[in-house]
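Scroll down for the structure; my scribbles are underneath it.
The values are calculated or read from the model by the stated rules, or taken from the named source; none is laboratory data. Quick caveat: nothing in here was measured; it's all calculated off a predicted structure. Every residue, glycine as well, gets a Cβ built from its backbone with ideal geometry; the counts of neighbours run over all protein chains shown. Heavy atoms of the whole protein, side chains included, go into the accessibility calculation; ligands, DNA and RNA do not. Shrake-Rupley method; radii C 1.70, N 1.55, O 1.52, S 1.80 Å.
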Amino acid sequence: MNERKIIDRKLLADLAKDVGLNASHSEALGESRQWEIVVGGDMLERLVEIQHRLERLAAMGDDEYRGFYIEVPRPAPEEWGDAEELIASGEYDSREAFLADWLASNPMETRWFHVASSRYGDSRSIRVTDRKHTRFIITNCPKCTDAGPNDTWCKENLTRLFDYLERIIDVIVANPDRFNDYVAHNLPYQQRTGRIAQKDFNRIVPNFKIEVEDRETAIKALEDSVYGHSAPLFETMTIRKYCTHYRIANEVYEAYHRKRGFRERIYTDPQDVPEELRDVVYYKQKKFVDVMEMYDIDSPEDFMRFATDHYGELGLSRLNIFASPDRQQGWKIVVSNSYSANAGLAIEVATALYKAGAPLLIYDAEKFLRILLEEDYVRLVPDSYHNYMGYQEEGSVYELPWEYECSDDANSVLTKEQYQAIVSNAEWQPEERMNLK
């Protein structure tokens, strides 16, 4: 009986092998143009049956949500390709070359996926992710398209997946605590969420530490913003005045990226432009907007018209410099940073504006200050792409590589020793637990 079975990798691998499922089938299901696989007929009946089986477990949120991990073995070499046929065709010159390519394409013995089942009225879905990206969604009510069922192309793989889910749900229902414990002890750290003290992380990975050119002034600028201290406000704001501060910020922005290997042409002021117009011409060259033709650059009213456009964004980094009216009937220059990855750049830009005497408001100044003083935590996340600072308490985030990617090779992002030091010093959030009703 299931309750006497030990839940381990062999058991889960055997369940998958019984139905002919491996990680390549899950990858194939995610290869459609849309995330959604819209099911009907017998495949919809299978979806309904899977969700009916899950009703033996307690719901974990709204819309009858229940989520759990599955572990699927990689394809065996013979499942991945016909070595003899590929050698005969000239794609490989030996079986050793074929096996090397198979291993490079399937470096982990198993792949973990998170399955999230939900139901709202007649709408049903099962979402499969690797906690980095959504791989695919099986649904009867598509959100991305008005098309009807489109499961013909993947019916064989869907059948394998549904067969596997039925079996693993039976295992979970029979032994929920053992299954939860297996996930807690075996889920790869790259797919978990946790945090580590900034000072510990900087010690383990020194090149992650944010260094600024003028640390003392940067700290003072951030402290003043945190405590509401500011240079005297501007009584009015004009395009000419804004362009001056935009230039200060953008020159720091470009210098910061040049130091990291991004090549950009260094701007030189045209000799035939009066000194008082050079910042406005600079803005025109960078933003491709001839504000002198479109507005009166010294008119507060025209600044308000100008400001209805997204006028302050620097590049594509979501670091914005804009002018904002203050409650005290004056104007401030605001530094607004979105992405966690931009913390060092945002601090450098804010420091340059502070040195220029701008009345300054720095969004997330308290987080920036904690980062510089190493009083913050680094949030460890499965996916750091487009990670916004406001999404979590911590100001810094880090996407841990897979353990197999870590080595003492010079090109490795982390050594194995660094990887182990991070995971052993981190506080890891507990994973969701499945429970019987």
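Where strands (runs of 3 or more DSSP E) fall wholly inside the range 102-181, the ranges with 3 or more residues that are open to solvent by 40 Å² or more (accessible area, probe 1.4 Å) are 110-120. Consider the range 384-398 and keep the residues that are touching a residue at least 24 places away in the same chain (Cβ under 8 Å) and part of a loop (DSSP other than H, G, I, E, B). The one that is most open to solvent (accessible area, probe 1.4 Å) is His386.
So, in the range 401-420, how many residues would count as being touching a helix residue (DSSP H, G or I) at 6+ places or on another chain (Cβ under 8 Å) and in a loop (DSSP other than H, G, I, E, B)? Matching residues across the range 401-420 total 8.
Tallying residues that are out of contact with any Pro (no Cβ under 8 Å at 6 or more places or on another chain) and more than 21 Å from Val252 (Cα to Cα) within the range 208-242 yields 5. When the range 202-240 is filtered for residues that are under 23 Å from Gly330 (Cβ atoms), buried (at least 20 other Cβ atoms within 10 Å of the Cβ) and out of contact with any Asp or Glu (no Cβ under 7 Å at 6 or more places or on another chain), the ones remaining, listed by number, are Ala221, Leu222, Ser225, Met237. In this structure, is Ile248 in contact (Cβ under 8 Å) with a residue 40 or more places away in the chain, open to solvent by less than 20 Å² (accessible area, probe 1.4 Å), more than 28 Å from the chain's Cα centre (by Cα) and within 30 Å of Phe303 (Cβ to Cβ)? For Ile248, the condition - in contact (Cβ under 8 Å) with a residue 40 or more places away in the chain, open to solvent by less than 20 Å² (accessible area, probe 1.4 Å), more than 28 Å from the chain's Cα centre (by Cα) and within 30 Å of Phe303 (Cβ to Cβ) - is not met.
Among the residues of the range 421-437, the ones that are part of a loop (DSSP other than H, G, I, E, B) and open to solvent by less than 90 Å² (accessible area, probe 1.4 Å) come to 6 in all. When Leu373 is tested against (1) more than 23 Å from the chain's Cα centre (by Cα); (2) of a type outside the set (D, E, K, R); (3) within 18 Å of His245 (Cα to Cα), only condition (3) is not met.
Matching residues to (1) in a helix (DSSP H, G or I); (2) in contact with a Cys (Cβ under 6 Å, 6 or more places away or on another chain); (3) under 29 Å from Asp181 (Cβ atoms); (4) open to solvent by less than 30 Å² (accessible area, probe 1.4 Å):
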| site | (1), (2), (3), (4) |
| --- | --- |
| Ile6 | no, no, yes, no |
| Ala13 | yes, no, yes, yes |
| Lys17 | yes, no, yes, no |
| Ser24 | yes, no, yes, no |
| Leu44 | yes, no, no, no |
| Gly61 | no, no, yes, no |
| Glu78 | yes, no, no, no |
| Glu85 | yes, no, no, no |
| Glu91 | no, no, no, no |
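Taken over the range 190-227, the residue count meeting the criterion of being of a type in the set (Phe, Trp, Tyr), outside any helix (DSSP H, G or I) and under 24 Å from the mean Cα position of the chain (by Cα) is 0.
How many residues are surrounded by 18 or more Cβ atoms within 10 Å (Cβ to Cβ) and out of contact with any Gly (no Cβ under 9 Å at 6 or more places or on another chain) when one looks only at the range 190-201? Going through the range 190-201 one residue at a time, the tally reaches 7. Number of residues in the range 399-414 that are open to solvent by 60 Å² or more (accessible area, probe 1.4 Å) and of a type in the set (Phe, Trp, Tyr): the value is 1. For first residues located in the range 317-340 and in contact (Cβ under 8 Å) with a residue 60 or more places away in the chain and closer than 14 Å to Ala352 by Cα, partners that are among the charged types (D, E, K, R) and open to solvent by less than 40 Å² (accessible area, probe 1.4 Å) and lie 6+ apart or on another chain with Cβ distances below 9 Å form the pairs Ile321/Glu313. Considering each residue of the range 373-381 in turn, at least one proves to be in a loop (DSSP other than H, G, I, E, B), open to solvent by less than 40 Å² (accessible area, probe 1.4 Å) and within 20 Å of Ser336 (Cβ to Cβ).
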